[in-house]
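A short write-up of the structure that comes next.
The values are calculated or read from the model by the stated rules, or taken from the named source; none is laboratory data. Since we're looking at a predicted model, the values are computed, not measured. Cβ placement follows ideal geometry from the backbone for every residue including glycine, while neighbour counts extend to all protein chains displayed.
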Amino acid sequence: MMKSVFTLILLLNIMGCEQMTSQNKSSDEVITTSEKQLLMDFEMIDLSGSMRHSSEWNNSAKLINFWATWCAPCRREIPLLNETQEKLSDGLIQIIGIAVDDFDEVTSYAENTNFDYPILIGEKDAVVIAENSGVDFIGLPFTMIVTKDEEIIKTHIGEIKEHHIELIIKVLKAIENGEITASEAKVQLGPI
């Protein structure tokens, strides 16, 4: 009987320690997420084989969409991203597609697909862009929402839908107009 009571007390202490550790971890995560995550500069080739540098879009907020030709949800996003980029002709927001795929596969796919936004091809090196910016890259499609000051305010794994785009544009325009801060934008973008 005494052994059972001792075992129960030991288990409760261990569980209590694990909960305490989890609570401490959550506090640390809050501190980490309050720090700015900045998009690091990068270079990649485009569909024509020309080297492009991220600084080309320094004066714009960015919606950076990581995709691949073999990814069905990625392919479904392309018409919406094209339509969105056409509407954003003012240059306030730039959509950039980054293919995590083979150069030949992407250029072959692009022969039958129109892109109204730049497509960069990074193959496996494309993942480094997210990782160098402090973002865990765990699947495709993957989208980073970046202010014109290069702060990553949201990442989204999964297919981007029209209601996501509407919220992203609204929030990025509100930042540009000084109506909200990047921290407030993170809160507003939370549900996507």
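A Cβ distance below 7 Å, combined with a sequence gap of six or more or placement on separate chains, defines the contacts here; from region 178-191, residues that are in the same structural domain as H156 (by TED's automatic domain parsing) reach residues that are hydroxyl-bearing (S, T, Y) in the pairs A182/T147. Checking each residue in region 43-65 for being within 16 Å of the chain's Cα centre (by Cα) and among the aliphatic types (A, V, I, L, M) picks out A61, L63, I64. The condition of being under 25 Å from I165 (Cα atoms) and without any contact (Cβ under 8 Å) to a residue 12 or more places away in the chain holds for only one of E111, E131, that being E131. Based on this model, can you work out whether M144 counts as within 27 Å of I175 (Cβ to Cβ), in contact (Cβ under 8 Å) with a residue 60 or more places away in the chain, touching a Gly at 6+ places or on another chain (Cβ under 6 Å) and assigned to a strand (DSSP E or B)? No, not satisfied. Residues in region 43-86 that are hydrophobic (A, V, I, L, M, F, W, C) and in contact with a Pro (Cβ under 9 Å, 6 or more places away or on another chain): L47, W57, F66, W67, A68, C71, C74.
When restricted to residues that are farther than 11 Å from L140 by Cα and touching a strand residue (DSSP E or B) at 6+ places or on another chain (Cβ under 6 Å), region 52-82 contains 9.
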